[in-house]
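See below for the structure under consideration.
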Amino acid sequence: MYKDTFMENIRLKENIFWVGAIDWNVRNFHGHTYATERGTTYNAYLIIDDKVTLIDAVHKDFSQGLFDNIRGIVPLEKIDYIVVNHLEPDHTGSLPELLKLAPKAKLYGSFKCKEGLEKYYFIKPDFQVVRTGEVLKLGKRSLSFIEAPMLHWPDSMFSYCPEEKILFPNDAFGQHLATSGRFDDTVDNCALMDEAAKYYGNILWPLSSLVVRKIEQVLKSGIPIEMIAPSHGVIWRKDPAKIINSYLYWGKNSSKEKVVIVYETMWGNTAKLASVIAGALMDSGIEVKLFDLNASSRTQIIKEMLDAKGFVIGSSTHDNDMLANMAGFLELLKGFAPRERLGFCFGSYGWAGGAVESIENKLKSFGVNLPVESFSVKFTPSQEEIKSCYEAAIQFAKEVKNVLRKM
Ligand code: FEO
């Protein structure tokens, strides 16, 4: 039997429990595309009613923890329903084993989820396809389903419990954040919002128009939301509006007087220019974040770019082109489809140039506006060249401020 303090930490409402897993040590997600410096959680929820219902499962490596957590409340064989809001293996890896231990469980999810589960795990479970507006009665409570394709996979779905006013949106509103507290009022809120922004920037940014449309559709429907229980990180019970409003802000490609400088340097001259540019922007009252690409987490850089009006990109020249890691980074950034941003390019070259032109072309290819002529220098920048670089950056700061003033 669990101790009272532990039950308090996992109880969302009477007879609704968190039964997931905390992955304190994972440092990379989606292969190596997402750095999870603060770990993550795989959230699963158990509703005890006339029908015992599990909402989502966990990563395969944490199956035993899920089973033990459920057994602390109810025997596994008592599970009647399993709602699968999303097929990805961090939420379904434990399902094939669980289905052996909970033989009467019937699954509910989207059509694509059914299709994907069968192909992923070569299983044919008892699976009921559900669509938006369909309701599953559990007893005193019910679950209403909302299809949410591409938030963030085609199979994604939200479940909503109207009697308790809890939204279970799976990945949406989540954070890769391993904590001992399960709720937004029991964890460090700076870390929480930092991870929520990182999650949005690195997973949902390219899907922003769909995110905004889905949130506005849910808000317009008038369903009251007192709690949001995502599949990663903490549960929003104190202030669910905070994360909803943040999603609307990020989803609308909002940006502020902030510039992110990212550079890759061979012999330190491009780094020197980056430092001059940062000084000029700070002198202009602009918030600046500066990253040496090879010393920084790309996940963190993308998170900072999410709400920055300006992108300043620099590279030394190598083989008449930008350095290879910068080329890879800009390809990654292109995939996030940032809109309405201003760019400024810079770099040092040796016997021949090429990097700055390549960066310009890349930024233009995904719609970044370049209002100020790029700055490049041969070998080491002289005092005069440093002054010119500073002045170009001051001009860029003015353009950033002007554009935001007109909005
Ligand atoms: Fe957390 Fe899309 O899986």
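What to note about this one:
- Top-ranked residue in segment 305-319 [being outside any strand (DSSP E or B), at pLDDT 95 or above and not aliphatic (A, V, I, L, M); ranked as surrounded by the most Cβ atoms within 10 Å (Cβ to Cβ)]: SER316
- When segment 83-101 is limited to residues that are surrounded by 21 or more Cβ atoms within 10 Å (Cβ to Cβ) and aliphatic (A, V, I, L, M), the one that is nearest to the ligand (Cβ to nearest atom) turns out to be LEU87.
- Any hit, segment 113-133, residues being open to solvent by less than 20 Å² (accessible area, probe 1.4 Å), more than 14 Å from the ligand (Cβ to nearest atom) and either among the acidic types (Asp, Glu) or over 25 Å from the mean Cα position of the chain (by Cα) (or both): yes
- Segment 144-188, residues that are among the aliphatic types (A, V, I, L, M) and either assigned to a loop (DSSP other than H, G, I, E, B) or more than 13 Å from the ligand (Cβ to nearest atom) (or both): ILE146, ALA148, MET150, LEU151, ILE166, LEU167, ALA172, LEU177, ALA178, VAL187
- Residue check: ILE55 meets all listed conditions (1) closer than 28 Å to GLU195 by Cα; (2) β-branched (Val, Ile, Thr); (3) without any contact (Cβ under 8 Å) to a residue 60 or more places away in the chain but one, namely (3).
- Any chance LEU143 is surrounded by 23 or more Cβ atoms within 10 Å (Cβ to Cβ) and closer than 29 Å to PHE62 by Cα: yes
- Residues that are open to solvent by 50 Å² or more (accessible area, probe 1.4 Å) and part of a strand (DSSP E or B) within segment 322-355 comprise just one, TYR349.
- Pick from segment 356-407, criterion of a type in the set (Ser, Thr, Tyr) and either modelled with pLDDT under 95 or part of a helix (DSSP H, G or I) (or both), ranking: surrounded by the most Cβ atoms within 10 Å (Cβ to Cβ): SER358
- Qualifying residue in segment 199-208 (condition: away from the ligand (no atom under 14 Å from the Cβ), farther than 22 Å from ASP23 by Cβ, under 19 Å from the mean Cα position of the chain (by Cα) and open to solvent by less than 10 Å² (accessible area, probe 1.4 Å)): yes
- Flag if LYS214 is open to solvent by 10 Å² or more (accessible area, probe 1.4 Å), farther than 25 Å from ARG27 by Cα and over 19 Å from the mean Cα position of the chain (by Cα): no
- Scanning segment 243-271 for residues that are surrounded by fewer than 16 Cβ atoms within 10 Å (Cβ to Cβ) and part of a loop (DSSP other than H, G, I, E, B) yields a count of 4.
- Checklist (1) touching a Ser or Thr at 6+ places or on another chain (Cβ under 8 Å); (2) closer than 15 Å to LEU143 by Cβ; (3) surrounded by fewer than 21 Cβ atoms within 10 Å (Cβ to Cβ) applied to ASN15, failing item: (1)
- Every residue from segment 227-242 that is within 16 Å of the ligand (Cβ to nearest atom) and either in a strand (DSSP E or B) or over 11 Å from ASP185 (Cβ atoms) (or both): ILE228, ALA229, PRO230, SER231, HIS232, GLY233, ILE235
- Residues in segment 108-143 that are assigned to a loop (DSSP other than H, G, I, E, B), aliphatic (A, V, I, L, M) and in contact (Cβ under 8 Å) with a residue 40 or more places away in the chain: LEU138 only.
- Within segment 28-58, tally of residues that are part of a strand (DSSP E or B), within 16 Å of the ligand (Cβ to nearest atom), polar (S, T, N, Q) and open to solvent by less than 10 Å² (accessible area, probe 1.4 Å): 2
The values are calculated or read from the model by the stated rules, or taken from the named source; none is laboratory data. Everything numeric here is computed off the predicted structure, so don't read it as measured data. Backbone-built Cβ (ideal geometry, glycine too); neighbour counts: all protein chains shown. Calculation scope for accessible area: heavy atoms of the full protein, side chains included, ligands and nucleic acids excluded. Shrake-Rupley method; radii C 1.70, N 1.55, O 1.52, S 1.80 Å.
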